[in-house]
Amino acid sequence: MSSIVTLTLNPALDISLHVDAVVPNHKIRTDPPRYDPGGGGLNVSRVCRRLGEPTTTVAPVGGPPGQRMLSLLTADKSPDGTADNARIVAIQGDTRQSVTVLGRQSGDEYRFVLPGPTLSPGEIAACLAEVLSAAESCRCLVISGSMPHGVEDDFIEGLVGRLSDCRVIVDTSGSALRAALTSGAYLVKPSARELGSLVEGDLITEADVTLAAHEIMAWANIEVLVVSIGAGGAIAVTPEQTFRLRAPTVQVRSAVGAGDSMVAGIAVGLHRGLDLPRAVALGIASGTAAVLTDGTELCHASDVERLLPLVHMN
Ligand SMILES: Nc1ncnc2c1ncn2[C@@H]1O[C@H](COP(=O)(O)OP(=O)(O)OP(=O)(O)O)[C@@H](O)[C@H]1O
Ligand SMILES: [Mg+2]
């Protein structure tokens, strides 16, 4: 039984392509594609394992893309042979695919996210039953990624209400993010961009972000709001404290997976009994480590270890 469980309701088969340049109206030859299992919670699971905490990962899986994603997930083992414990709910529709194209000349990344399947009420109920069973004696459940069609915004609140002694961490977007903020979850991690979609006016400075985070905590029903601000690190707000942690300055290769790596670092930190600032610092080191790697490649534990002492509070 893993102590960290992740739920990915809209997982994906990630396809990464390298090209010389993206030019219109021409055939663009690509290098051989790289395939990875993707979607918020699956990435969180893979990073937790790299940081030394194998997880149980719950996800609906369907069609040939889903089977490919699943075989990549189960083949992704740590050097000691540990893989994540995958608890799969078979669904009728095809698992989503997502395509990242990296232009070598410009260094620009283009990300195409195909629409995912619509889950039926029976499939949603099966996902709920599976995650409740997986989370029975776990201490931390991470719900991450977008919500598929068919899943109502109150899904997270309903799930949180049926768990006891389990800290729930949520990283999602759009109307599901707004709903997560009143769900009774322990911690919600929007990016500053996502936070901006919840308040009036633009969030330009860090003071704007802090003000917006306080405004949201005034009506939210969660214990911790961690707003990630890319290269700036993060601002965390609880009813008792507000703190700001700066990310180390690094050479960015790809920001894909930074948020998922950050959430994994926070979950691992809390699971290991670190206090909140130290857990968020581990999250920032993991997020920053993820930007050092190409495309969909996730962070390396050695980079996280090296960067952690460079995360500063102020
Ligand atoms: N350019 C960067 N330099 C250093 N660290 C970074 C950089 N970009 C991201 N990070 C790290 O990754 C964390 C998460 O990044 P970010 O705030 O962009 O969230 P995100 O979830 O990836 O964003 P979104 O979901 O809006 O795409 C940051 O808090 C930071 O630790
Ligand atoms: Mg994100």
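Quick look at the values:
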read-out: Residue list for segment 83-120, restricted to those being over 19 Å from the mean Cα position of the chain (by Cα), closer than 17 Å to G63 by Cα and among the hydroxyl-bearing types (S, T, Y); value: T118, S120
read-out: Residues of segment 31-75 satisfying the condition of being under 16 Å from I169 (Cα atoms), part of a strand (DSSP E or B) and not hydroxyl-bearing (S, T, Y); value: V58
read-out: Residue in segment 26-42 that is of a type in the set (V, I, T) and under 30 Å from V304 (Cα atoms) present; value: no
read-out: Residue satisfying condition, being more than 18 Å from K189 (Cα to Cα) and in contact with a strand residue (DSSP E or B) (Cβ under 7 Å, 6 or more places away or on another chain), within set G259, G273, G295; value: G295
read-out: Where A264 falls short, out of the listed (1) farther than 13 Å from K189 by Cβ; (2) in a helix (DSSP H, G or I); value: (1)
read-out: Per-region count, segment 147-177, residues within 15 Å of ligand 1 (Cβ to nearest atom) and surrounded by fewer than 20 Cβ atoms within 10 Å (Cβ to Cβ); value: 2
read-out: Test: A231 is assigned to a helix (DSSP H, G or I) and near ligand 1 (Cβ under 9 Å from one of its atoms); value: yes
read-out: Answer residue from segment 178-201, given it is in a helix (DSSP H, G or I) and free of Cβ contacts under 8 Å to residues at least 24 places away in the same chain and is farthest from ligand 1 (Cβ to nearest atom) among those; value: G196
read-out: Residue within segment 15-24 that is crowded, with 16+ Cβ neighbours inside 10 Å and under 23 Å from I156 (Cβ atoms) present; value: no
read-out: Candidate set from segment 106-121 (those that are among the small types (G, A, S) and either under 11 Å from A12 (Cβ atoms) or at pLDDT 90 or above (or both)); member that is surrounded by the fewest Cβ atoms within 10 Å (Cβ to Cβ); value: S106
read-out: Failed item in (1) within 13 Å of ligand 1 (Cβ to nearest atom); (2) more than 17 Å from V311 (Cβ to Cβ); (3) of a type in the set (A, V, I, L, M), with L225 passing the rest; value: (1)
read-out: Hits in segment 242-265 - residues which are surrounded by fewer than 24 Cβ atoms within 10 Å (Cβ to Cβ), near ligand 1 (Cβ under 9 Å from one of its atoms), at pLDDT 95 or above and β-branched (V, I, T); value: T249, V250
read-out: Condition broken by L307, with the remaining ones in (1) farther than 21 Å from G39 by Cα; (2) within 12 Å of ligand 1 (Cβ to nearest atom); (3) part of a loop (DSSP other than H, G, I, E, B) satisfied; value: (3)
read-out: Among the candidates I143, I204, residue that is assigned to a loop (DSSP other than H, G, I, E, B), closer than 22 Å to T288 by Cα and within 16 Å of ligand 1 (Cβ to nearest atom); value: I204
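The values are calculated or read from the model by the stated rules, or taken from the named source; none is laboratory data. Treat the numbers as computed from the prediction; the structure is a model and nothing was measured. Every residue, glycine as well, gets a Cβ built from its backbone with ideal geometry; the counts of neighbours run over all protein chains shown.
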